[in-house]
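Q: My questions will all concern the structure given below.
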Amino acid sequence: MGIETFKINTLYRGIALEGNCRIIPYSTYSITMEKPCKGLSKSAYFRNGFTMENIMGRIKWELGQLYEQHQNILYGYDKYKKLWTEWKQYDSQLQASIEESIALKEEADAETLAFLDFHIGMLKRDGIERFYELMEKYGIKPLSLSPSVLETSIGLIEKEFCNRML
């Protein structure tokens, strides 16, 4: 098994998009946008695999979706910022519980270790479910938005705003 890495360029609604891709043929890929919104990223796994041609089409489509999500966050910044702030507080509490559980693993027997692994997995799942509940609360779509894309977009928007103020 090898990892293929390459750059990709595509047009989305007349906007030139550039990104870096990593693929584990033919089931897993990761794309990170370089232009115009550096740092936005998306990863996906396909259980049944795809052809390289299908993956390339999907990656180009994903770049467009990342750009579109960033634009939605830009235009609806206030409600996205409220979502991010509320989720981040919740996630901080979850991370503390996860760290506490990880610390317990050091002294656990095999049976307890399996139980703690299950607990940690459920805490992570809870965080994602809470994120989607908050998206619904704030009337935000598409439901494919991830916490990492939201965090990166808000950071890019705030950085641009601060640069304009200087």
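Here is a yes/no grid of residues against (1) at pLDDT below 90; (2) over 30 Å from Leu11 (Cβ atoms); (3) in contact with a strand residue (DSSP E or B) (Cβ under 8 Å, 6 or more places away or on another chain); (4) surrounded by fewer than 14 Cβ atoms within 10 Å (Cβ to Cβ):
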| residue | (1), (2), (3), (4) |
| --- | --- |
| Ser43 | yes, no, yes, yes |
| Arg47 | yes, yes, no, yes |
| Gly57 | yes, no, no, yes |
| Trp87 | no, yes, no, no |
| Asp91 | no, yes, no, no |
| Ala103 | no, yes, no, yes |
| Asp109 | yes, yes, no, yes |
| Gly121 | no, yes, no, yes |
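Q: List, please: which pairs have Cβ atoms under 9 Å, are six or more places apart or on different chains, and start with a residue in segment 7-21 that is closer than 10 Å to Lys60 by Cα and among the acidic types (Asp, Glu) and end with one that is open to solvent by 10 Å² or more (accessible area, probe 1.4 Å) and part of a loop (DSSP other than H, G, I, E, B)?
A: Taking only residues 6 or more apart or on different chains, the pairs are Glu18/Pro36.
Q: List pairs: first residue in segment 45-64 and within 10 Å of Tyr29 (Cα to Cα), second residue part of a helix (DSSP H, G or I) and open to solvent by 30 Å² or more (accessible area, probe 1.4 Å) anywhere in the structure, Cβ distance under 9 angstrom, at least six positions apart or on different chains.
A: Short answer, once both residue conditions are applied: Phe46/Asn54; Phe46/Arg58.
Q: Here is a follow-up. Within segment 123-144, which residues are open to solvent by 30 Å² or more (accessible area, probe 1.4 Å) and touching a helix residue (DSSP H, G or I) at 6+ places or on another chain (Cβ under 9 Å)?
A: Start the filter on segment 123-144 by keeping residues that are open to solvent by 30 Å² or more (accessible area, probe 1.4 Å), which leaves 124-126, 128-130, 132-133, 136-139, 141-144.
Matches in segment 123-144: Lys124, Asp126, Ile128, Arg130, Lys137, Tyr138, Gly139, Lys141, Pro142, Leu143, Ser144.
The values are calculated or read from the model by the stated rules, or taken from the named source; none is laboratory data. Please read these numbers as outputs of a predicted model, since none were measured by experiment. Glycine also receives a Cβ, built like all others from the backbone with ideal geometry; neighbour counts cover every protein chain displayed. SASA here: full protein model, heavy atoms, side chains in, ligands and nucleic acids out. Shrake-Rupley method; radii C 1.70, N 1.55, O 1.52, S 1.80 Å.
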